[in-house]
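J.: I'd like to ask you about the structure that follows.
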């Protein structure tokens, strides 16, 4: 489900659907000791829009391929969409898996 779909579900279907959407989103920990750059797109060539503090947890709305990055959790080209126009490299997020853990971004 894309971020836009989540927002539409909240806007159009009432409180029950919002709770269902919130229940479907999982939060994952950023690697310990890391201030993680959040970028406007799925790659290191995109501008940094903000930086997450150490100990942050992030929702993953969808995932998409992008620039390959090496980090504490391996080397990956998967980028996690954590908000509207906000992406972080999956190699810095502990998901417990080497591959995709949610749907691909559309």
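J.: Can you tell me which residue is farthest from residue 97 (Cα to Cα) among those in segment 51-63 that are without any contact (Cβ under 8 Å) to a residue 40 or more places away in the chain and in a strand (DSSP E or B)?
T.: Initially, segment 51-63 is screened for residues without any contact (Cβ under 8 Å) to a residue 40 or more places away in the chain, giving 51-59.
Next cut, in a strand (DSSP E or B) only: 51-52, 57-59.
Numbers: 51: 24, 52: 22, 57: 16, 58: 16, 59: 15 Å.
In this case the residue turns out to be 51.
J.: Residues 33, 74, 43, 66: which one is in contact (Cβ under 8 Å) with a residue 24 or more places away in the chain and over 17 Å from residue 101 (Cβ atoms)? Before you say what the answer is, go through the steps one by one.
T.: Numbers: 33 fails: in contact (Cβ under 8 Å) with a residue 24 or more places away in the chain; 74 fails: over 17 Å from residue 101 (Cβ atoms); 66 fails: over 17 Å from residue 101 (Cβ atoms).
Answer to the check: 43.
This table checks each residue for (1) within 11 Å of the chain's Cα centre (by Cα); (2) at pLDDT below 95; (3) part of a loop (DSSP other than H, G, I, E, B).
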position: 1; (1), (2), (3): no, yes, yes
position: 11; (1), (2), (3): no, yes, no
position: 17; (1), (2), (3): no, yes, no
position: 37; (1), (2), (3): no, no, no
position: 44; (1), (2), (3): no, no, yes
position: 49; (1), (2), (3): no, no, no
position: 88; (1), (2), (3): yes, no, no
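The values are calculated or read from the model by the stated rules, or taken from the named source; none is laboratory data. Quick caveat, the model's predicted, so the values are computed rather than measured. Ideal geometry is used to build each Cβ from the backbone, glycine not excepted, and the neighbour counts take in all protein chains shown.
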